[in-house]
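One structure is given below, encoded as structure tokens.
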Amino acid sequence: MVLAAGTALVGAMATDGWQQARAATVALWRRVHPDSADPMGAELDALRARVLAAREEEDEDTERALAGTWRLHLQQLLRADPDAGLSAELRRLLDEHLAPLLAADERSRVGSIVMTAEAHDNARVFMAGRDQHITGE
């Protein structure tokens, strides 16, 4: 979910609804780190300027790197207080504030995939979230 939220957050920065998404993100941050919520809001503003510039220049690599930075921030946030129900709040942030701002193609990229497999004895399990190429026996 952190992967999806970080990606959606950066995608939402390029939308008209950014201020509402920003406010919801800062509110989540304030719950865990009240003293650093305002500086984090300023960092979001600076990041938005970089995202807008990257979109204008069609620089997908920079946009992916910026999303990676925010994935790390969100992961650290969840680790700061693992028992506080932050995972559910992050899911709500994603579902209610970030994903609805994205275009359909961007929304499909931030969806979650949950895969579960169980193998016994000599069985093999091959799972992939995208393309998979298997060679050999």
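The values are calculated or read from the model by the stated rules, or taken from the named source; none is laboratory data. Quick caveat, the model's predicted, so the values are computed rather than measured. Positions of Cβ are backbone-derived with ideal geometry, glycine not excepted, and every protein chain shown enters the neighbour counts. Each accessible area value is taken on the protein alone, full model and side chains, heavy atoms only, with ligands, DNA and RNA left out. Shrake-Rupley method; radii C 1.70, N 1.55, O 1.52, S 1.80 Å.
Tabulated results
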quantity	calculated
Residue in segment 55-65 that is among the polar types (S, T, N, Q) and touching a residue at least 60 places away in the same chain (Cβ under 8 Å) present	no
Filtered residues of segment 72-105 (kept if at pLDDT 80 or above and of a type in the set (D, E, K, R))	ARG79, GLU89, ARG91, ARG92, ASP95, GLU96
Filter pass, LEU74 being under 12 Å from the mean Cα position of the chain (by Cα), within 19 Å of ALA23 (Cα to Cα) and part of a helix (DSSP H, G or I)	yes
Single residue of ASP105, ASP59, ASP45, ASP81 found to be among the acidic types (Asp, Glu), within 15 Å of THR15 (Cβ to Cβ) and surrounded by 10 or more Cβ atoms within 10 Å (Cβ to Cβ)	ASP45
Counted residues, segment 1-42 - those being under 14 Å from LEU66 (Cα atoms) and open to solvent by 50 Å² or more (accessible area, probe 1.4 Å)	1
Segment 17-43 residues that are in contact (Cβ under 8 Å) with a residue 60 or more places away in the chain and under 14 Å from HIS73 (Cα atoms), paired with ones that are in a helix (DSSP H, G or I) and of a type in the set (A, V, I, L, M) (beta carbon under 6 Å, 6 or more apart)	LEU28/LEU93
